[in-house]
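Working notes for the structure below.
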Amino acid sequence: MSLELPEYYFRVKENGAAVFRVDTENRQRRIEMDQIAVLNIRNGEVKPHGDRPLTEQDLTEIRTWMARRSEQLARREVDDLLRTVDHLNLTTQWVQSRATQAQLDEVTDALLLAMHDLRQLLVRKKAERLLKDAD
């Protein structure tokens, strides 16, 4: 573990984070975390916690964290989708080699509808991109 703690701590929440200022410079040498803001990563909103104004340094750190977090979430989203492709391939192999009739009866309709829905959207979006590129 590092001897130096960061000046800010971001407690990740579903849509953003609660932001704390970390303080170790006190008489008891305890770690104190003072909440200074709540942020929403989706809409970029930063709300100061309580009646405390945020400094320029606070805002700079928060905006830097938000940018990094947005990039991280975007990378995860693409990775999740690539894992879905892998999972579809594994599902195909399972259907071909191991699935029982009862298992196929249980999952076939749900899989066919989900794949049909996905295929329709993918084809439409690709057509839109091709038309846009042609213009």
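The values are calculated or read from the model by the stated rules, or taken from the named source; none is laboratory data. Keep in mind it's a predicted model, so treat the numbers as computed, not measured. Here the Cβ is made from the backbone with ideal geometry for all residues, glycine too, and neighbour counts use every protein chain on show.
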(message) Among the residues that make up region 25-34, is at least one of them in contact with a Phe, Trp or Tyr (Cβ under 7 Å, 6 or more places away or on another chain), modelled with pLDDT of 95 or more and under 12 Å from E7 (Cβ atoms)?
(response) no
(request) Could you tell me whether Q72 is more than 17 Å from the chain's Cα centre (by Cα), outside the structural domain of L122 (by TED's automatic domain parsing) and not in a loop (DSSP other than H, G, I, E, B)? (result) no
(message) With the requirement that a residue be surrounded by fewer than 10 Cβ atoms within 10 Å (Cβ to Cβ), among the acidic types (D, E) and modelled with pLDDT of 95 or more, what does region 110-135 give you?
(response) none
(message) With the requirement that a residue be assigned to a strand (DSSP E or B) and basic (K, R), what does region 34-63 give you?
(response) K47
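For region 92-123, enumerate the residues that are of a type in the set (K, R) and within 17 Å of L81 (Cβ to Cβ).
So the first thing to find is which residues in region 92-123 are of a type in the set (K, R), and the list is 98, 119.
Scanning region 92-123 gives a single hit, R119.
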(message) Among the residues that make up region 80-93, is at least one of them at pLDDT 95 or above and either under 30 Å from L5 (Cα atoms) or outside the structural domain of P6 (by TED's automatic domain parsing) (or both)?
(response) no
(request) Give the number of residues within region 1-33 that are surrounded by fewer than 12 Cβ atoms within 10 Å (Cβ to Cβ) and in a strand (DSSP E or B). (result) 1
